[in-house]
Amino acid sequence: MKRPELAKTRLADTVGELRPYMARAFAADTVAAALACPPVRSVLVVTDDDEFRAEARRLGAEVIADTPGAGLNAALRHGARHLRGHRPALPVASLSADLPALRAAELQRVLEHAAEYPISFLADAVGVGTTLYASTTGAPFLPRFGERSRAAHQEAGAVELDIADVPTVRRDIDTAVDLWDGMRIGLGPRTESVILQLDAAF
């Protein structure tokens, strides 16, 4: 997770000064849903945000610092190395930190499909980006998140997971329209709490 002052800049006009709280709420709801997913053994958060570090630990996640400090993909590779340093045979999946509508049952379906391929990914709701990247036991972990990451992952040989009816795993939140769609699907409790503050402000 990025430091909140750098996160979700495209939401600034919509949520104003609540943007850091919204970013942390997105991430907390994502972590909580992942921890509730039966196939998930543990959740590791890579962040330099002290406040969210404490929240993630309260939820039951392990937390490490973003010591590479070189962007999202470097942070994810750092996290995977940390996990596999202790458990070399561990399959690893990375999730975007902005999936506040995430449901554990849908994530379970995605992970079960991902287990069938050495390296796989799930496209976002728009079909341009990526919300999940997975690597099974023994496979390299080389995510390519960023602009047009769906195409980047395809070009790198990762298998795109073709799964219907998992909207909460695809619904990342970058814009006001995304947030409205997340509200339509049903946001997690921490994000809903910030939405209530936003409503009260207006």
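Exactly one residue out of Leu132, Leu179, Leu122 is modelled with pLDDT of 95 or more, over 17 Å from Val43 (Cα atoms) and hydrophobic (A, V, I, L, M, F, W, C), and it is Leu122.
Please go through (1) at pLDDT 95 or above; (2) part of a loop (DSSP other than H, G, I, E, B) for Gly69 and return the number of the only condition it doesn't satisfy. Evaluating Gly69 over (1) at pLDDT 95 or above; (2) part of a loop (DSSP other than H, G, I, E, B) leaves (1) as the failure.
Whether a residue is aliphatic (A, V, I, L, M), under 20 Å from Ala28 (Cβ atoms), open to solvent by less than 40 Å² (accessible area, probe 1.4 Å) and part of a helix (DSSP H, G or I) was assessed, and Leu83 does not pass this test.
Checking each residue in the range 126-160 for being assigned to a strand (DSSP E or B) and of a type in the set (Gly, Ala, Ser) picks out Ala134, Ser135. Every condition in (1) over 19 Å from Arg77 (Cα atoms); (2) of a type outside the set (Gly, Ala, Ser); (3) touching a helix residue (DSSP H, G or I) at 6+ places or on another chain (Cβ under 9 Å); (4) outside any loop (DSSP other than H, G, I, E, B) is met by Gln108 except one, and the failing one is (3). Looking at Arg41, is it at pLDDT below 95 and crowded, with 16+ Cβ neighbours inside 10 Å? It is false that Arg41 is at pLDDT below 95 and crowded, with 16+ Cβ neighbours inside 10 Å.
Contact map, the range 74-96: residues that are under 21 Å from Ala115 (Cβ atoms) and free of Cβ contacts under 8 Å to residues at least 12 places away in the same chain paired with residues that are of a type outside the set (Val, Ile, Thr) and part of a helix (DSSP H, G or I), Cβ distance under 7 Å, separation 6+ or inter-chain. No pairs are found. With respect to the conditions (1) on the phi > 0 side of the Ramachandran plot; (2) open to solvent by 60 Å² or more (accessible area, probe 1.4 Å), Glu17 falls short on a single one, namely (1).
With respect to (1) open to solvent by less than 20 Å² (accessible area, probe 1.4 Å); (2) over 22 Å from Pro20 (Cβ atoms); (3) not charged (D, E, K, R), the lone exception for Val126 is condition (1). If you check Ser94 against the conditions, is it surrounded by fewer than 16 Cβ atoms within 10 Å (Cβ to Cβ), closer than 19 Å to Tyr133 by Cα and polar (S, T, N, Q)? Against the criterion (surrounded by fewer than 16 Cβ atoms within 10 Å (Cβ to Cβ), closer than 19 Å to Tyr133 by Cα and polar (S, T, N, Q)), Ser94 does not qualify.
Right, Met1: outside any helix (DSSP H, G or I) and either surrounded by 19 or more Cβ atoms within 10 Å (Cβ to Cβ) or without any contact (Cβ under 8 Å) to a residue 60 or more places away in the chain (or both) or not? Criteria met by Met1. Residues that are open to solvent by 50 Å² or more (accessible area, probe 1.4 Å) and within 14 Å of Ala27 (Cβ to Cβ) within the range 61-76 comprise just one, Leu72. For the range 139-195, the set of residues classified as of a type in the set (Val, Ile, Thr), over 25 Å from Asp13 (Cβ atoms) and open to solvent by 20 Å² or more (accessible area, probe 1.4 Å) consists of Val159 only.
The values are calculated or read from the model by the stated rules, or taken from the named source; none is laboratory data. Just so we're clear, the structure is a prediction, and the values are computed from it rather than from any experiment. Using ideal geometry, Cβ is built from the backbone for each residue, glycine included, and neighbour counts are taken over all protein chains shown. The protein model used for the area step is the full one, side chains on, heavy atoms only, and it has no ligands, DNA or RNA in it. Shrake-Rupley method; radii C 1.70, N 1.55, O 1.52, S 1.80 Å.
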